[in-house]
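So the structure is just underneath, and the comments pick up after that.
Every number in this text was worked out from the coordinates using simple rules, so none of it is lab data. Worth saying up front: this structure is predicted, and the values here are computed from it rather than measured. Cβ placement follows ideal geometry from the backbone for every residue including glycine, while neighbour counts extend to all protein chains displayed.
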Amino acid sequence: MTREDGDPARQRGQRANGEVSGAPHPGGTGDPPRQGTPAPDSSRMKVMAEGRETGPALGDGDVTPRGAPQRAGQRGEALMAELSELVRKVVKSSSWWERHGVDISILACSFLLLPAGFLCLRSAQAIPFLVGVLTLGVVHHTLTVKGSHLASHNALTESKSWGKVWAIFFIELCSAFTAEQATYNHVKMHHGYTNVIGLGDSSTWKLPFLNRYVYMFLAPLAVPILTPLVALGLLRNVEWKVALRTLCCMFLGLFCHYWLLVHVSGFQSLWSALLCMLLTRSLLAHPYIHVNIFQHIGLPMFAADRKPKRIHLMSLGVLNLPRNILLDWSFGHSLISCHVEHHLFPSLSDNMCLKIKPIVSQYLKQKKLPYNEDTYASRLWLFLQRYEELMVHAPPITELVGIQ
């Protein structure tokens with residue numbers, strides 16, 4: 001995309017509520033993330049190393065057009081190191097059950113609910129049938145969203161080898177996507193360059209040719225169909241052995257779902273089984289799309305060569321939503337009420353993000369740093385009102401002045 005980062009006439013700044021001010025710059029939403037690069041080893045992201053950037057350093061200390069003083073970058077590193085030490089102590093004192101066991105148990109319970117869900121679909125009565133649909137829908141999103149997200153960050157286990165196995169299982173078999181590209185785009189790009197224009201600015205979630213109501217309420221129903229199609233397009237960026245493995249896993253996962261609907265749930269026709277697959281796989285697609293845009297888009301955006309240090313980048317460009325029983329279970333705390341904590345310490349599990357939340361929020365507020373929080377309804381209304389500005393036009397670059 002054509003950048004105008006050096007244009008002094010461009011309106012920049014930040015509003016008091018953390019949103020970007022200034023007239024939106026018309027045009028594209030930024031280049032898609034670079035692909036074809038091997039996924040980073042997320043298992044190396046230890047708590048004490050979280051203060052480092054997960055991507056290449058691009059002008060970390062330069063937060064103004066003329067360059068900020070060196071002490072700005074040094075202070076950002078010192079703040080991140082201090083917070084990392086506080087979190088490290090909590091993680092060190094936590095048991096395996098707190099670090100991994102709670103989230104593994106949630107995923108295991110979801111597996112155990114699968115037989116009940118398929119059996120409920122055998123019923124000719126409306127209530128048991130709907131219970132089956134709801135059960136399979138929640139289980140599907142727990143495995144594909146929560147499971148895939150934790151696996152991409154290697155947050156389910158301490159073992160690098162098992163982490164790879166879980167990533168393939170949850171991302172490729174359950175989600176019908178490619179593990180390498182999912183991990184690269186999410187861990188390397190989105191986390192390494194959160195809200196950096198053209199790199200990790202959530203541009204992949206924008207479909208500017210759709211109007212606000214179609215995008216917010218109708219388009220999510222197509223997620224189960226678009227996901228494997230997008231995955232097939234990304235396979236050209238990986239080795240043939242990886243592509244073959246991904247194709248086999250994707251086919252196996254989709255076929256098993258169909259086979260169970262026919263032989264366990266008793267569906268008589270191909271189309272009725274496929275319709276049920278679409279229904280269960282899109283049950284929570286609306287909050288899935290909404291959460292992905294609510295927590296980043298509309299917050300300050302930065303140029304790659306002018307992004308602030310990590311602690312400032314994450315506190316400014318990430319937002320937490322309130323706790324919600326359904327979404328906490330199926331998506332995980334790190335995607336809902338602990339998204340700020342997750343972006344600061346991405347290798348921690350959902351339960352650990354919830355445990356360190358009081359420490360992180362208190363620390364950021366004590367240091368006069370933003371700690372963005374808003375309700376689901378408030379963000380939904382904001383996006384409906386400002387859809388053109390936030391989702392169609394390219395966002396303006398935020399210029400940080402006096403952050404040091």
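Rank by packing, highest mean first: peptides 193-200, 84-91, with packing defined as the count of other Cβ atoms within 10 Å averaged across residues.
Per-residue Cβ counts within 10 Å, averaged per peptide and sorted highest first, yield 193-200, 84-91.
Rounded if a/c is under 1.5, else prolate if a/b beats b/c, else oblate: with a ≥ b ≥ c from the C-alpha gyration tensor eigenvalues square-rooted, which is region 345-404?
oblate
So who's got an amide H within less than 5 Å of the one on residue 196, skipping anything under 5 residues away but keeping other chains? H placed 1.01 Å off N, in plane.
Result for residue 196 returns 201, 302.
Residues with amide H under 5 Å of residue 373's amide H, sequence separation 5 or more or different chain, H placed in the peptide plane at 1.01 Å from N; which?
Those qualifying (amide H under 5 Å, at least 5 residues apart or on another chain) are 320.
Which whole-Hz couplings ³J(HN,Hα) result when phi for each residue of region 383-393 is put into the Karplus expression 6.51 cos²θ - 1.76 cosθ + 1.60, θ = phi - 60°, listed in order with x for Gly and Pro?
For region 383-393, the Karplus-derived couplings read 6, 5, 6, 10, 4, 4, 5, 8, 10, 10, 7 Hz, x marking Gly and Pro.
Could you estimate the translational diffusion coefficient of region 302-364 from the Stokes-Einstein equation, with Rh from the Kirkwood formula over C-alpha pairs, at 4 °C and 1.567 mPa s, in whole µm²/s?
In µm²/s, the coefficient is 107.
Give me the Å³ per residue figure for the convex hull around the C-alpha atoms of region 117-174.
69
Rg (Å, one decimal) plus Dmax (Å, integer) for the alpha carbons of region 230-379?
Calculated on Cα positions, Rg and Dmax stand at 20.1, 62 Å.
Under 30 Å Cα to Cα from residue 92, which lysines show up? Leave out anything in the same chain fewer than 8 places away.
Of all the lysines, those that pass the test against residue 92 - Cα under 30 Å, at least 8 places apart if same chain - are 46, 146, 160, 164, 188, 309, 355, 357, 365, 367, 368.
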